[in-house]
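Only one structure is covered here, and it is reproduced in the block below.
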């Protein structure tokens, strides 16, 4: 080996061993949560524009902008969320629980307020009603999509048992040893529609806690939607 080659190899090893700087750490955080951050930016932009052009529905437009942007970006990424990808990134790519809770509260609040305001105020335009219903639909989808990704990362998150490193698991998917993003989305959407699990077994206490909270939120959100539908029927009949 030549001296120059040895020096080059030493420099490469030194760079690899260097700790991650705050700047590089922030860059990695942005890339991991890019759909969420872009959706927040689009939602904030939508709020600013709507306040100038249509202040009466500014909150609803901002919420729809956020929800739709996030769902679109995740849809493009979903096919890449294979078991192998989730294994490799399960410990770093998951959104913080506080972000999921915040978006859930936003979705529920916007859905309830905007929908009932639109239905109970006379003189509302078709455009206003469309935005109100869109905020409900996209908010519902966003909640369960975020929860699906959270399930995926919880399932594949590594831990050590008896000195052996393995994933945490917590779900039993029939005829599927290595579930991917679509499997977790299926599980989350079923809970979103029925507030109960389907053919997928929940096998650990940690996963049952998340599933329980998800089911409770789904039940009350769906109850609000049913109440809104009844309210709409009464309003239209009158």
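Counting pairwise Cα distances across the stretch 129-213, what percent come out greater than 17 angstrom?
50 percent
Over the stretch 82-237, what is the relative contact order in whole percent, taking alpha-carbon pairs under 8 Å and six or more residues apart?
Reported as a whole number, the value is 25 percent.
So for 114, 45, fewest C-beta neighbours within 10 Å to most, what's the order?
45, 114
Shape call for the stretch 82-237 from the C-alpha gyration tensor, a ≥ b ≥ c root eigenvalues: rounded (a/c under 1.5), prolate (a/b greater than b/c) or oblate?
prolate
Would you mind computing, in nm to one decimal, how far apart the modelled labels at residue 222 and residue 204 are, each placed 7 Å from Cα along Cα→Cβ?
2.6 nm
Rank these for me by crowding, 146, 193, going from fewest to most other beta carbons within 10 Å.
Fewest-to-most ranking of 146, 193: 193, 146.
None of the figures in this text is laboratory data; all of them are computed from the coordinates on show. Only a predicted model underlies this, so the values are computations on that prediction, with no experimental measurement involved. We place every Cβ from the backbone using ideal geometry, glycine too, and count neighbours over all the protein chains shown.
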